[in-house]
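The values are calculated or read from the model by the stated rules, or taken from the named source; none is laboratory data. Small disclaimer: the values here were computed from a predicted structure and weren't measured. Glycine gets a Cβ as well: all are built from the backbone with ideal geometry, and neighbour counts include every protein chain shown. In case anyone asks, the SASA skips ligands and DNA or RNA and just uses the protein heavy atoms, side chains included. Shrake-Rupley method; radii C 1.70, N 1.55, O 1.52, S 1.80 Å.
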Amino acid sequence: MNVRNKGLMLAVGLGIMLNPLNSSMISVAISRLQQVYQLNFTAVSWIILSFYIASAVAQPVMGKCSDLFGRRKIFLMGLVIVFVSSMLAPWSPSFSWLIVFRIVQSFGTSMMVAVGMAIVRMNVTEKQASALSTLAIFLSGAAAIGPFIGGVLIHWWDWHSIFFVNIPFVLVSFWFAWKTIPKDEQSPSISGHMSIRQWLALIDAPGILMFTVALVTLLIGLLSVNSTGDISTWHLLTGGIGLIALVMFFRHELKAATPFIPLRTFASYPEMTWVNVQYMLVNILFYALFFGVPTYLKQVRHLNEVHTGMSMLALGLCSVIIAPIAGRWIDRSGSRPALIVSASLMTFGSILIVVMNETSPIFIIIVALALFGISNGLNAVGMQAALFKSTPKEMIGVASGIFNTSRYLGTILSSLLIGIVMGDTFNVTGFQMLGIILTVLAASLIIMSIRREAGLVSPEQVSK
């Protein structure tokens, strides 16, 4: 890899890591924010949920915009938005304003995640899996050490510091991005004399609006059920609005001249659709463990925060260590073998959870976390490589955005799954039931990975 590409990888890596870093650091600030704003846990938890929902909406939107207006422009603009929101958030006059700045921050980080992978796809033409493994280290590493960094910052400098810490990363990323990311070529569909109506039609504003309404209302309805435990008129209303908006969205996209999400193209490339389905299932499995195990260790096994955090390191460290190895393997053998191994490891890890009881050694949990960590490192590279192989170059931006939305949907659904299985309190029986469900999901991933034909979409088709 030449010097320019190394600078480009550093720019993209520092940019895309801001999304998992900020989504994980905030988790350790919840109790402090409860004290500062005098709110209960359910209300404060929206500081996390709003970030995930905004990311799920923003990434395919930004992917579409990058395909039209240029990936370099979107990436640099995202860095500017993160800089401004990170400077303003610590001075929020109320919790509502803090939520607003978090949503703005989410949009900024989503702009970089949505186009970062596409920038690598278009500019790093040799050993792409190795390049993806480098980005996976940034993503997995940021998610793994985010809670630790957040805890240290809050301990010494209070919650404001978890926003200010973004500034040096933004500045370094911006400098390298400005120097190394090639300038964009204007899309042939864009004219300098277009009216506002033509601009809105080009970016498919009605489709974006219907997609946003459908996703937000459906997720709010699901998350409300998760937090209250019952189904009310509010849940039925939001769910109904979401379903109606979703149907309208599908009908509109099939007829639109320049659809926000080209459903007909997805139908022409079924492998691309299956990659997104697999990625959502992978993240349901991973985040069910990521969110479930710490609570289990604290409430059922009565470990303190330090020992719980040390146990969870097995998950993040194994992900970071395996990523570069996965990159070299996938460069030689393709993504399919790695994804089969990954799903098998998650199956074994889930079985270990099923056989756990109150007297089982904590070491068994650590082994299960390590298996899931290795699996996550394989998936981080393998799933992205599979997406690249199955996606036409002209829609890589929107495809990357949808791909990352699949990750956030998996994350949110994992939280819903834990709430349904565990109820109000964690116990061994509920944890074992969670393990059974995860075993079934992991086994289904093995079948999907084996049945996926690596040659379903040829490189010649994808490059057209």
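Percent of Cα-Cα pairs more than 20 Å apart in segment 60-127, please. The partial results should precede the final answer.
Details: 828 of 2278 pairs.
Counting pairs separated by more than 20 Å, the tail of P(r) holds 36 percent.
How big is the shadow of the Cα convex hull of segment 287-386, averaged over all directions, in nm²?
Approximately 6.0 nm², given one-decimal rounding.
Within the accessible area of the chain, what % is carbon and sulfur when the probe is 1.4 Å and the other protein chains stay in place?
Of all accessible area on the chain, carbon and sulfur atoms account for 69 percent.
What translational diffusion coefficient, to the nearest whole µm²/s, does segment 1-151 have by Stokes-Einstein, given a Kirkwood radius computed over alpha-carbon pairs, a temperature of 37 °C and 0.692 mPa s viscosity?
Calculated translational D: 204 µm²/s.
Sort the following peptides by mean Cβ neighbour count (other Cβ atoms within 10 Å, averaged over residues), highest first: 202-208, 312-318.
Working: 202-208: 18.3, 312-318: 21.0.
Result, highest mean first: 312-318, 202-208.
Counting only complete DSSP H runs, which helices of the chain cover 30 Å or more along their long axis at the Cα atoms and score a mean Kyte-Doolittle of 1.0 or above?
46-69, 95-123, 128-157, 205-228, 362-390, 396-422, 428-451
Cross-chain or 8 or more residues apart, Cα under 21 Å: how many lysine pairs in the chain fit that? Count them up, please.
19
Provide the solvent-accessible area of Leu21, counting protein heavy atoms only and rolling a 1.4 Å probe, rounded to the nearest 10 Å².
Near enough 0 Å² of accessible area.
Residues of the chain: accessible area per residue at 1.4 Å, in Å²?
That works out to 44 Å² for each residue.
Compactness ratio of the chain: Cα Rg over 2.2 N^0.38 Å, N = residue count?
Working: Rg = 21.4 Å, N = 464, 2.2 N^0.38 = 22.7 Å.
Normalised by 2.2 N^0.38 Å, the Cα Rg of the chain equals 0.94.
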